[in-house]
Amino acid sequence: MTFSIEIPTLPVARVRALALVANVNPSYDDLVGVIDADPALTIALLRAANSAASAPVDRVKTAHVAMVRVGMKEARRIIMGVALSN
C-alpha cells in the first residue's frame with residue numbers, strides 16, 4: 001500500500017524560487033539554498049533525481065547531489081512547476 005502526501009510550497013520559498021528561476025543565470029548555490037529551505041521543492045527534486053530516467057546507482061539524498069544529477073535546466077523546470085502548482 002502506497003500513501004501520497006501533498007506538501008505545499010511555503011509562500012516565502014515560492015516567491016524566492018520564482019525570482020531565482022526568472023533570472024537568466026541563477027547561482028547554483030542560491031538555487032540549492034531555496035530548495036533546501038522548502039520541503040516541497042526538495043521532495044520534487046529528489047524524486048526526479050532518483051527516478052529511473054536518471055538511473056541512479058545509489059539513492060540521491062541531498063538537494064546538492066540532486067541538482068548535479070538532473071542538471072540546472074531540469075532543476076529550474078522542476079522548481080517552476082512546483083512553485084506555480086501550489
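Computed from the coordinates by the stated procedures, all read-outs in this text should not be read as laboratory data. All of these numbers come straight from a predicted model, not from anything done at the bench. No Cβ is skipped: glycine too gets one built from the backbone with ideal geometry, and neighbour counts run over all protein chains shown.
Could you work out the relative contact order of the chain, using alpha carbon pairs under 8 angstrom and six or more residues apart, expressed as a whole percent? Intermediate results must be reported in sequence, preceding the final value.
Details: 78 pairs, mean separation 30.8, N = 86.
Value for the chain: 36 percent.
Nearest 20 debye, what's the magnitude of the dipole of the chain about its Cα centre given +1 on Lys and Arg Cβ and -1 on Asp and Glu Cβ? Spell out each step's value before the answer.
Numbers: 9 positive and 7 negative charges, 34 e Å.
I would put it at about 160 debye.
Pick out which of ALA13, ALA52, ALA63 has the largest mean-square fluctuation in a Gaussian network model of the chain, springs linking Cα atoms closer than 10 Å.
Highest fluctuation of the listed residues: ALA52.
Counting other beta carbons within 10 Å of each Cβ, put SER54, SER4 in order, fewest first.
Least crowded to most crowded, the residues run SER4, SER54.
Picking from VAL68, VAL15, VAL24, which is most flexible by a Gaussian network model of the chain using Cα springs under 10 Å?
Answer for the Gaussian network model of the chain: VAL24.
Go ahead and estimate [θ] at 222 nm for the chain from helices alone: -39,500 (n - 2.57) per DSSP H run with n ≥ 4, summed, over the residue count, rounded to 500.
Rounded to the nearest 500, the figure is -19500 deg cm²/dmol.
How fast does the chain diffuse by Stokes-Einstein, in µm²/s, taking the Kirkwood radius from C-alpha pairs at 10 °C and 1.306 mPa s?
Here the translational diffusion coefficient equals 123 µm²/s.
What order do you get for 70-82, 33-45 when each peptide is scored by the mean count of other beta carbon atoms within 10 Å, highest first?
33-45, 70-82
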